[in-house]
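The values are calculated or read from the model by the stated rules, or taken from the named source; none is laboratory data. Just so it is clear, the structure is predicted and the values come from calculations on it, not from any experiment. Counting neighbours? That spans all protein chains shown, and the Cβs are built from the backbone with ideal geometry, glycine included. SASA here: full protein model, heavy atoms, side chains in, ligands and nucleic acids out. Shrake-Rupley method; radii C 1.70, N 1.55, O 1.52, S 1.80 Å.
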Amino acid sequence: MPVVTGVLADYARGEASESDVVRALLAHDGWYAPMLWLDETFPDRKVYDSMIPTPALGQAPAPGDLWLFTDAGQVDAAIQAGAAFAAAGGPVSGVDVFGALTRNVTEIRVNPAGPGVHGWSVGIDDAVLDFLARWISALQIETALNDSAEDLGMRLAAFEHYVVPVDDTGRPRVVALLKPPGNYVMAFTAPDLYTAHQKRDPGVTGAADMSAATLFQLADYDGVDGVVLDMKESDSFILPQDLCDAVLKLIG
């Protein structure tokens, strides 16, 4: 069973958050989708590892509805339930699938014929598309941080929605670190990482949404030595003031 279906089941039981679901959907690399949508959305991609035909007659998605499947078994479940949409192709990454959505899609239904706890649906509007774009950018930054990617600086500079913990005075939360020694403003790329930290830090009373320009300028305040990103109990990404200045220079 793919990890994403386990998260969806946890969500159905009230044991996972919306952020957990979104991260799981985007991180999943085994999506299947109707070939008609794939051909229209990715016209340059002609071959998929697996293309599963469906019967010519049966229930088809309504106009604007996009059926997505977490694995080939869920496609087979839809076929057995009488679905018909020519064929399904995959696997496709979650970032590609959800990043390619447009207003031509009005609703997404995940695993429409599978067990209810493995399903999920959402209507698509401009707010949802913007929400997904922010999450995709956040995950891409996380990957760039982990890989020390060449375009890391540009990604950090372009991101507009850092989640910055604040204390009861409304000021950004600052943490003292030993390596390198100094005081660093905390920021997180995604809401779930902030929420996990908030549970560990009773001094955090809320969060501010900050652009890169606002966040990295904080490294220039007296008593602040830089920014620490996505701080966890075991590791984090520390940007001393000189690196914060370098990011600021990349902002147009």
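List of remarks:
- Mean separation of Cα pairs under 8 Å and 6 or more residues apart, divided by the residue count, gives the chain a relative contact order of 15 percent.
- Charge context of A113, other residues only, Cβ under 14 angstrom, K/R +1, D/E -1: -2
- Dipole of the chain [Lys/Arg +1, Asp/Glu -1 at C-beta], most positive-end residue of P112, P91, W31: P112
- Extension gain, A208 back to S50 (0.36 nm per residue minus Cα-Cα distance, nm): 52.5 nm
- Surrounding net charge for A190, when Lys and Arg each add one and Asp and Glu each subtract one, Cβ distance under 14 Å: -3
- Solvent-accessible ranking of K199, K232, largest area first, probe 1.4 Å: K199, K232
- Rg over Rh [alpha-carbon atoms, Kirkwood Rh] for region 4-124: 0.94
- Rounded to the nearest 20 debye, the dipole magnitude of region 148-250 is 180 debye, with +1 charges on Lys and Arg beta carbons, -1 on Asp and Glu beta carbons, and the Cα centre as origin.
- Largest to smallest accessible area among H118, H161 [probe 1.4 Å]: H161, H118
- Longest stretch of the chain clear of exposed loop sites (GluC sites (Glu not before Pro), DSSP loop, at most 11 other Cβ atoms within 10 Å, sites excluded): 16-149.
- For region 47-102, the relative contact order is 53 percent, taking Cα pairs closer than 8 Å that sit 6 or more residues apart in sequence and dividing their mean separation by the residue count.
- Helix 126-147 axis versus longest C-alpha principal axis of the chain: approximately 60°, rounded to the nearest ten.
- Charge dipole magnitude, Cβ of K and R +1, D and E -1 - the chain, Cα centre, debye nearest 20: 300
- Accessible area per residue for region 148-250, computed on protein heavy atoms with a 1.4 Å probe, is 53 Å².
- Projected onto planes of every orientation and averaged, the convex hull of the alpha-carbon atoms in region 125-252 covers 8.2 nm².
- Trypsin sites (Lys or Arg not before Pro) restricted to DSSP loop in region 1-97 with at most 11 other C-beta within 10 Å: R13, K46
- In the chain, lysine pairs with alpha-carbon atoms under 28 angstrom apart (chain gap of 8 or more, or interchain): 5
- Relative contact order of region 148-250, defined on C-alpha pairs under 8 angstrom at six or more residues apart (%): 31
- Dipole moment magnitude, nearest 20 debye, region 127-174 about Cα centre, only Lys, Arg, Asp, Glu C-beta charged: 140
- Atom-type composition of the exposed protein surface of the chain places 52 percent of the accessible area on carbon and sulfur (1.4 angstrom probe).
- Among M210, M186, A149 the positive-end extreme of the charge dipole of region 148-250 (Cβ point charges): M186
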